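What follows is calculated from the coordinates using simple rules that are stated; it is not laboratory data. Since the structure is predicted, the reported quantities are computational estimates derived from the model, not experimental observations. Neighbour counts run over all protein chains shown; Cβ positions are idealised from the backbone, glycine included.
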Amino acid sequence: MYKLELFPFGFHRLSPNKIVAISESGDYIFLTQEELYLLVHQPSKLNNELLADLKSKYFLGEINQPGLTRLLASRIAEKKETILSGPSLHIIVTTLQCTHSCRYCQVSRSLDDKGFSMPIELLDKVCETIFESPSQTLAVEFQGGDPLLRFDLLKHAIERINIINKIEKRNVRFIVASTLHQLNDEMCAFFKNNNVILSTSLDGPKGIHNSNRIHYGNDSYEFTVKGLDMARRKIGYDSVSALMTTTRQSLQSPEDVVDEYVTQGFNEIFLRPLSLYGFALRNPTKISYSVKEFTDFYRRAFDRILFWNNKGIQIREVTASIILNKILSTFDAGYVDLQNPSGFGLAVLVYNYDGYIYPSDEARMLTETGDNSLRLGKIGDSLNSILSSNLAKRIIKSSLAKFIPGCMDCAFNKYCGPDPINAFSQFGFMEAPAFWTKHCIINTWMFEFFFALLEKNEPEFIALANAWAKPNHLH
Ligand code: SF4
């Protein structure tokens, strides 16, 4: 008779007698309390079908099967591939100039260019540093302020990167995050010729959008929709995606927010909670809310998304895709916020107009409030020195689930990990117990929510979940 060996796994109780168990490979299985007990104490007593399922998902194997452990190791390595192949997302903040003063804006913004845009010599250095990354795939994202207000810088950087890439031959994608208010024919032609994707903010219908995104004529919505239409006509229908930020104004109207995305012809919506970093902290009571209020909003918005999909209108929620990709796919799409070790610094770098490099957008926003402790280095420093800096090492160490209270014994740590930047901005130190952080509280809820849906095993949802989990949907 062969002997069975139990591999390490975690489990999380969804209800008194329903448990989700997750193996080291990230495969999951739903178990009753009795099945969990037998798995740990007397696995040979489990029924043959369940036993075969558990073996195929790396919960247990026969003793002396080195092939199986090698297979498990390669499955784990496969999932870490995107995060360990060098910085692949390079965010360039060319200017802080912006014509909006949104309630939740995390940076100070300026109508004035003096000292708030990146000098061209620094921009050239950024373009060279990007290619020091060994990653074959590079995404270069321009943020602000509104980068269209300094189209000259944007154009210069894209042209420079294209010249360098004639020799490097990497797979480079360009993304421009903008309100679209300044979009014109010249820009559209340039973006079309250079395969540039636009990303804009649309917080919902006119009333919600204009109350969040303050513009002098109270007309932010009108101009964004006009820009959207122009981009679709002149660059291509799929050239623009949008994301929304949930504020107190949105909480009562999740259905209206989703319906606005359907009306505007989007096939995806990213329901994001508010990040209270940097300058957004000035306004917390007017715009913020509890995690419970956000999850209630999310649940209702998600139901509305399912409603539209059932009617044949395909619209996908991005957070759901990220979580489902983690749970259902063997290939991780590399979403930086949910990595262990953290993607901040390892996979993403932010080159700020002020001449410094930061591990994430949130880290550079702290600087705007006077806290410079999350600077990785100066623009022009070698990538090697940035990635081996003490700060980079500290971020990596404090983002390893095995070192952080809460994460070390969390069943979801195969899909998620601590967020040291979020811990730092909330509590002033990166090693704060994960369960103190908003990042953890929201993600725990998300994993519970989606596992509960998967457990119901309804064919329509399972088909949708598998389609949304495909990594090529995510970037
Ligand atoms: S951050 Fe929270 S949900 Fe994520 S692995 Fe850590 S403890 Fe689990």
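How many percent of all Cα-Cα pairs in segment 361-475 sit more than 19 Å apart? It works out to 59 percent of all Cα pairs. Once the Cα atoms of helix 291-310 and of the chain are each reduced to a long axis, what angle between those two axes, in degrees from 0 to 90 to the nearest 10, is obtained? For helix 291-310, the angle is close to 90 degrees. Would you please give the FRET efficiency between Lys234 and Lys402, computed as 1/(1 + (r/R0)^6) with r the Cβ-Cβ distance and R0 = 45 Å, to the nearest 0.05? After rounding, the FRET efficiency stands at 0.35. Considering only DSSP beta bridges where both residues belong to the chain, give the percentage that are antiparallel (nearest 5). Taking every DSSP beta bridge within the chain, about 40 percent pair in antiparallel fashion. Here the spin labels are modelled as points 7 Å beyond Cα on the Cα-Cβ line, and at Glu159 and Asp296 they lie 5.4 nm apart. Could you pull out every residue, at least 5 positions away or on a different chain, whose amide H is within less than 5 Å of the one on Ile379? Hs are placed 1.01 Å off N in the peptide plane, and Pro or chain starts have none. Close amide H contacts, sequence-distant or interchain: Tyr356, Ile357. Sequentially through segment 49-59, phi angles give Karplus couplings (6.51, -1.76, 1.60; θ = phi - 60°) of 5, 5, 4, 5, 4, 5, 5, 5, 9, 6, 8 Hz, Gly and Pro residues having no value and appearing as x. Can you give the FRET efficiency to the nearest 0.05 for Asn194 and Val40, using r as the Cβ-Cβ distance and R₀ = 51 Å? It comes out at approximately 0.35. Please express the Cα-Cα pair-distance distribution P(r) of the chain as a list of whole percents, one per 20 Å bin, running from 0 to the bin with the greatest distance. Whole-percent P(r) values from 0 Å outward: 22, 56, 20, 2. Sites listed here are chymotrypsin sites (Phe, Trp or Tyr not before Pro) in segment 143-205 whose DSSP assignment is loop and whose Cβ has at most 15 other Cβ atoms within 10 Å, and the list is empty.
Using a cutoff of 8 angstrom between alpha carbon atoms and counting only pairs six or more residues apart, the relative contact order for the chain works out to 16 percent. Between Lys226 and Ala463, the modelled labels are 4.3 nm apart [label points 7 Å from Cα along Cα→Cβ].
Coupling constants for segment 223-232 follow from the phi torsions by the Karplus curve (6.51 cos²θ - 1.76 cosθ + 1.60, θ = phi - 60°), and in residue order they are 6, 5, 5, 5, x, 4, 5, 5, 4, 5 Hz; glycine and proline get x. Ordering Leu60, Thr99, Gln136 by Cα displacement along the dipole of the chain toward the positive end leaves Leu60 in first place; charges were set at the Cβ atoms of Lys, Arg (+1) and Asp, Glu (-1). Selection among Ile327, Val291, Leu36 by position relative to the dipole of the chain gives Leu36 as farthest towards the positive end (Cβ unit charges, Cα centre). Seen against the Cα atoms of the chain and their longest principal axis, helix 151-168 is set at about 50 degrees. Taking each residue as 0.36 nm, the span from Leu6 to Thr69 lengthens on full extension beyond its C-alpha to C-alpha distance by 21.5 nm.
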